[in-house]
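Have a look at the structure below, then the notes.
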Amino acid sequence: MVLMNNKKNVWNGRAKSFSYALGGLLTLFKDQPNARIHVVAAIMAIAMGLFLGISSVEWILICLCITLVISAEAFNSSLEYIADFVCAEKHHLIKKAKDVAAGAVLLTAIFSVVTGLFIFLPKLLLLFKNSL
């Protein structure tokens, strides 16, 4: 009986962790305008992939890019929340930390745009060429 209760508690704990993670994502998209921009870009990339019929490997790359950018934005936002809590006034080291985290988001976004260009541009050019 004790073993069953422990298993039930483990699953309840995992369910709570999952709900906290979903709550964190909801907070990210509710509070952070850039996160919402990334979601719009992700939706556009998914729509473009569906329209152009990209391959399985290309889908993996698109999904990886979407995950990287949104994850980077989440880490950046987390750092900003903590930094603002710890030090409400402006501090040059807090600014550096926030700037570096924002730079990480920028790098993943640039990588994603370049990846999208490699995947979508040849297909779009071929589609345009064939429609002329």
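Just need a number here: residues in segment 42-66 that are in a helix (DSSP H, G or I) and either exposed (fewer than 13 other Cβ atoms within 10 Å of the Cβ) or of a type in the set (Lys, Arg) (or both).
Keep residues of segment 42-66 that are in a helix (DSSP H, G or I), which gives 42-52, 56-66.
Restricting the remaining residues to those that are either exposed (fewer than 13 other Cβ atoms within 10 Å of the Cβ) or of a type in the set (Lys, Arg) (or both) gives 43-44, 47, 50-51, 56-57, 60.
Summing the residues that are in a helix (DSSP H, G or I) and either exposed (fewer than 13 other Cβ atoms within 10 Å of the Cβ) or of a type in the set (Lys, Arg) (or both) in segment 42-66 gives 8.
Checking the conditions here, which among PHE75, PHE111 is surrounded by fewer than 16 Cβ atoms within 10 Å (Cβ to Cβ), under 16 Å from the mean Cα position of the chain (by Cα) and in contact (Cβ under 8 Å) with a residue 40 or more places away in the chain? First the steps, then the outcome.
Details: PHE75 fails: in contact (Cβ under 8 Å) with a residue 40 or more places away in the chain.
Exactly one residue qualifies, and that residue is PHE111.
Is one or more of the residues making up segment 24-31 basic (Lys, Arg), at pLDDT 95 or above and either in contact with a Phe, Trp or Tyr (Cβ under 9 Å, 6 or more places away or on another chain) or surrounded by fewer than 12 Cβ atoms within 10 Å (Cβ to Cβ) (or both)?
Within segment 24-31, the subset basic (Lys, Arg) is 30.
Filter once more, keeping what is at pLDDT 95 or above: 30.
After this cut, where a residue has to be either in contact with a Phe, Trp or Tyr (Cβ under 9 Å, 6 or more places away or on another chain) or surrounded by fewer than 12 Cβ atoms within 10 Å (Cβ to Cβ) (or both) as well, the list is 30.
Yes, there is a match, as at least one residue in segment 24-31 is basic (Lys, Arg), at pLDDT 95 or above and either in contact with a Phe, Trp or Tyr (Cβ under 9 Å, 6 or more places away or on another chain) or surrounded by fewer than 12 Cβ atoms within 10 Å (Cβ to Cβ) (or both).
Given the condition within 28 Å of VAL114 (Cβ to Cβ), touching a Lys or Arg at 6+ places or on another chain (Cβ under 8 Å), assigned by TED's automatic domain parsing to the domain that holds LEU107 and assigned to a helix (DSSP H, G or I), answer yes or no: does some residue in segment 77-95 qualify?
Yes, the conditions are met somewhere in segment 77-95.
The values are calculated or read from the model by the stated rules, or taken from the named source; none is laboratory data. Remember, predicted model here, so these are calculated numbers, not experimental data. Reconstructed Cβ throughout: ideal geometry from the backbone, glycine too, with neighbour counts over all protein chains shown.
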